[in-house]
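The values are calculated or read from the model by the stated rules, or taken from the named source; none is laboratory data. Note that this is a predicted model, so its numbers are computed, not measured. Heads up, the Cβs are rebuilt from the backbone with ideal geometry, glycines too, and the neighbour counts pull from every protein chain shown. With ligands, DNA and RNA removed, areas are computed over all heavy atoms of the protein, side chains included. Shrake-Rupley method; radii C 1.70, N 1.55, O 1.52, S 1.80 Å.
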Amino acid sequence: MTRIYISRDSGALCVGAEAVAKKFRDEAKSRGLDVEIVRTGSRGMYWLEPLVEVETPQGRVGYGPVKAAKVGELIDAGMLEGKAHEKCIGVVDEFPWFKNQTRLTFARCGIIDPRSIEDYRAHGGYEGLKKAIAAGPKAIVEEVLTSGLRGRGGAGFPTGIKWRTVAETPPQQKYIVCNADEGDSGTFADRMVMEGDPFELIEGMTIAGIAVGATYGYIYLRSEYPHAFETLKIAIEEARKAGYLGDNVMGSGHAYDMEVRLGAGAYVCGEETSLLDSLEGKRGEVRAKPPLPAHIGLFGQPTIINNVLSLAAVPLILDKGGEYYRDFGMGKSRGTMPIQLAGNIKHGGLYETAFGITLGELVDDIGGGTYSGRPVRAVQVGGPLGAYFPRALFDTPFDYEAFTAADGLIGHGGIVVFDDTVDMAQQARFAMEFCAIESCGKCTPCRIGSARGMELMDKIVAGEDREANLVVLEDLCDTMKFGSLCALGGFTPYPVMSALHHFPEDFGAAKKRLEAAE
Amino acid sequence: MSRFEPWTPERASEIIAQHQNQKGATLPILHALQEVFGCVPLDAEPIIAEALNISRAEVHGCVTFYHDFKREPGGRRTLKLCLAESCQASGGRALEKRAKEKLGVEMGGTTADRRVTLEPVYCLGLCHSSPAAMLDHDVYGALDEERLDELLKEAQS
Ligand SMILES: Cc1cc2nc3c(=O)[nH]c(=O)nc-3n(C[C@H](O)[C@H](O)[C@H](O)COP(=O)(O)O)c2cc1C
Ligand code: SF4
Ligand code: FES
């Protein structure tokens, strides 16, 4: 029997993986071939999707991108024996783009069947939980502290400190909440974990539950991810059946169970307090802090809220030890970052690597430059609230502090590439527009300021009183930055001001004025 | 022709009853109602308020806060076109224009034959293959004019 692997990740489905899988089934039947098709997550090399992998004695040999219409031809050319072909990339594990990564969180993604708990266990799954149970709650928190893991949702807050705070609250109903709202343009790593290795997230949340004495967890998933929703529901049910969730997790005496809840298309619900209100069944308005969710969180109870990637990093940290994880990275940015290459890029996909790699290496070398073949002009890092970077800053290393120093942010690790046809004034306008659409409405600088910002940008683009309006724009950005309750209003000035600062020529008269000011 | 059931308070109560006993039941109820009726009509609000023992104003505030919930059912199929940055960088704006022209609707509009509702979406998590779109629950990436035209045809069929 020959085993072939085709991704069921929505990133593969969106370019036709389902039709390819069906064609293989049909061909196998009509030719009487003994073929088993395993549906996996994605390896993250999306420009090669639909990628079809064939098991051979040398390892899994990959072919991609494969069109359904070419399946017959590929089989004729001997792909089921791993034979050469123009679409063949060789043994996938040896393919440089893949091999050069440091895959910790994404070690299994694209390799295993995400719906099979046996497959998960055969690839090291649930080793972390086993060790966590043996070590006990205190030691779990210590291990996470040692790892230096920082929240991957955007703010980069040390995960271990958050966990310790919740662990130190008196015993009562506590909750684990996973932030799976992944609203930033240019990001898809959470989606890949949930569709490609959901048990890793479930295991991470279970370990968190045991660490702080929380018996229930929620994954708050954006409604734009119907495929992740299906996979998570199936995986949670499997974990429950196998005794990894329930009243007595792995016979440890600890109780922990969980469910997935859908958001409803509000970007601001990725902000943690807004998310908690939404889970409680209210409007997703941002809460003032303090109190911290660690003290008064979901339904008024102590709550850990972490991003998908933060929680998914935990099983490995418990299995291999906090020091193992900490030994990757630079400065105060420890471990690996799953970086997402997006936009107008040749090699779009997920690249997990230790912190410290430069922006230029990521965009030019790994990303291969633009898809359009035109020069890269700007990249936006960290989603809609992140700054635009010009080529001049491509030596910035991927590290929380280095990005802050360059007036930007890493956020959730998404990089969106733009070629030289981009109009940066239009991008600045969009940043204001997005803020206006998504504002929760609680504070004036964000709610009203973003609408004013759009009007201002329209005037600036139209050439109306440019000089004066640019001064007003900078003023407005200052007000939003310092007068907003959360980062939606507070960080929208980053894309706007970085666009203006680095690309003044797109704002007309701006260039002269900035030069005069210097 | 419609894929949705006609609104009746009895059917609504039945759906609400299936979901009301969980904690924070509002969003699950709203999603379930929209799944069946294609929208959350105003008339549903007092029934939800009563079932959850909260004020009608709270329910109303919630329904109107979230972009997902509609007041009237859309067309037979919903085409969500991504308008966020990664898709902008890859030609999404031109595709938006083309889709509006070909369907003869603005964003949020439904075609005269009620086959397709066109909606904006801000990122589908498919930014590695921008521009992207979603037709009901099916995803499409790496769109260009040709692929968009096929997708529009599929949406209207
Ligand atoms: C407007 C806004 C949107 C956010 N969206 C997300 C999101 O989609 N996913 C996420 O994990 N964090 C998001 N955050 C950050 C969360 O507020 C919070 O920092 C995070 O969930 C904490 O988890 P972590 O420590 O594991 O990163 C957002 C913040 C803001 C202000
Ligand atoms: S900054 Fe905007 S989104 Fe954040 S709390 Fe204020 S109004 Fe709401
Ligand atoms: S920005 Fe369009 S899919 Fe992410």
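Using r as the Cβ-Cβ distance of A:Arg31 and B:Arg114, and R0 as 56 Å, what FRET efficiency do you calculate, to the nearest 0.05? Show your work: numbers first, answer last.
On the way: r = 45 Å, r/R0 = 0.80.
In this case the efficiency is close to 0.80.
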Carbon plus sulfur fraction of accessible area for region A:202-333, probe 1.4 Å, in percent: 51
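For chain B, what relative contact order do you get, as a whole percent, if you take Cα pairs closer than 8 Å and at least 6 residues apart? Don't skip to the answer; put the middle values down first.
On the way: 223 pairs, mean separation 30.6, N = 157.
Rounded, it is 20 percent for chain B.
Taking both sides together, what accessible area is buried at the B/A interface, probe 1.4 Å, expressed in Å² and rounded to the nearest 100?
So the buried area, both faces added, is about 3600 Å².
Heavy atoms only, probe 1.4 Å: what % of the accessible area of region A:377-518 goes to carbon and sulfur, would you let me know? Before the final figure, lay out the partial values.
Numbers: 2930 of 5500 Å².
With neighbouring chains kept in place, the figure for region A:377-518 is 53 percent.
So how do A:1-11, A:356-366 stack up, highest first, on mean other-Cβ count within 10 Å?
Numbers: A:1-11: 22.4, A:356-366: 18.6.
Ranked by mean Cβ neighbours within 10 Å, highest first: A:1-11, A:356-366.
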Reciprocal of mean inverse Cα separation for region B:77-156 (Kirkwood radius, Å): 12.0
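For B:130-143, what's the mean count of beta carbons from other chains sitting within 10 Å of each residue's beta carbon? Don't jump to the answer; show the numbers that get you there.
Working: counts 9, 0, 4, 1, 4, 0, 1, 5, 6, 11, 4, 10, 9, 2.
Rounded to a whole number, the mean comes out at 5.
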DSSP-defined beta bridges in region B:77-156 - what % are antiparallel, rounded to 5: 55
Built amide H within the under 5 Å cut-off of A:Ser42, gap 5+: A:Asp9, A:Gly110
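So for each of A:306-319, A:95-108 I average, over its residues, the number of other beta carbons within 10 Å; can you give me the resulting order with the highest mean first? Write down the numbers at each step before the final one.
Values: A:306-319: 27.3, A:95-108: 18.4.
The peptides rank, most packed first, as A:306-319, A:95-108.
Report the full-extension gain for the segment A:Phe157 to A:Glu401: residue separation times 0.36 nm, less the Cα-Cα distance, to one decimal in nm.
86.6 nm
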Reachable aspartates and glutamates from A:Lys282, criterion Cα separation under 13 angstrom, eight or more residues apart if same chain: B:Glu58
At least 40 Å² of accessible area lost relative to the chain alone, listed for region B:106-129 with a 1.4 Å probe: B:Tyr122, B:Cys123, B:Gly125, B:Cys127, B:His128
Delta accessible area of at least 10 Å² on complex formation, residues of region A:223-241, 1.4 Å probe, chain isolated as reference: A:Ser223, A:Glu224, A:Tyr225, A:Pro226, A:His227
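With a probe of 1.4 Å, find how much accessible area the protein assembly as shown has per residue, and write the answer as a whole number in Å². Please report the intermediate quantities before stating the final value.
Numbers: 25560 Å² over 675 residues.
Per residue, the protein assembly as shown has an accessible area of 38 Å².
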Average beta-carbon neighbours from other chains, 10 Å sphere, peptide B:78-86: 6
Entries of A:Lys130/A:Lys241; A:Lys99/A:Lys174; B:Lys70/B:Lys100; A:Lys23/B:Lys70; A:Lys233/B:Lys100; A:Lys162/A:Lys320 with Cα pairs more than 29 Å apart: A:Lys99/A:Lys174; A:Lys23/B:Lys70; A:Lys233/B:Lys100
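Provide the percentage of antiparallel DSSP beta bridges, counting only those with both residues in chain B; round to the nearest 5. Walk me through the numbers before you get to the answer.
Details: 7 of 13 bridges.
Counting only bridges with both partners in chain B, antiparallel ones make up about 55 percent.
Counting only DSSP beta bridges with both residues in chain A, tell me the antiparallel percent, nearest 5. All intermediate terms of the calculation are to be shown ahead of the outcome.
Details: 31 of 58 bridges.
About 55 percent, rounded to the nearest 5.
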Hydrodynamic radius (Kirkwood) for region A:2-99, which is based on Cα pairs only, to one decimal in Å: 13.1
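What whole-number volume per residue, in cubic angstrom, does the convex hull of the C-alpha atoms of region A:374-436 give? Please report the intermediate quantities before stating the final value.
Values: hull volume 5.3 nm³, N = 63.
Here the figure is 84 Å³ per residue.
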Burial of 10 Å² or greater, region B:20-62 residues [accessible area, probe 1.4 Å, versus chain by itself]: B:Gln22, B:Lys23, B:Gly24, B:Thr26, B:Leu27, B:Pro28, B:His31, B:Gly61, B:Cys62
Radius of gyration and Dmax over the Cα atoms of region A:93-164, both given in Å: 15.2, 41
Cα centroid separation, region A:68-132 to region B:131-157 (Å): 28
Helical mean residue ellipticity (222 nm; -39500 (n - 2.57) per DSSP H run of 4+; nearest 500) of chain A: -11500 deg cm²/dmol
Alpha-carbon Rg with Dmax, taken over chain A, Å: 23.8, 76
Average Cα contact separation per residue, region B:77-156, under 8 Å, 6 or more apart, as relative contact order %: 39
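Which of rounded, prolate or oblate describes region A:117-326 when judged by the alpha-carbon gyration tensor and an a/c cut-off of 1.5? Could you put the intermediate results ahead of the total?
Details: a/c = 1.42, a/b = 1.17, b/c = 1.21.
Here region A:117-326 falls in the rounded category.
From other protein chains only, count the Cβ atoms within 10 Å of every residue's Cβ in A:247-257, then give the mean.
Values: counts 0, 0, 0, 0, 0, 0, 0, 0, 0, 0, 0.
Partner Cβ neighbours, averaged per residue: 0.
Is region A:225-336 rounded, prolate or oblate when judged by the Cα gyration tensor, a ≥ b ≥ c being the square roots of its eigenvalues, rounded requiring a/c under 1.5 and prolate requiring a/b larger than b/c? All intermediate terms of the calculation are to be shown ahead of the outcome.
On the way: a/c = 1.60, a/b = 1.14, b/c = 1.41.
Since a/c reaches 1.5 but b/c is at least a/b, the shape of region A:225-336 is classed as oblate.
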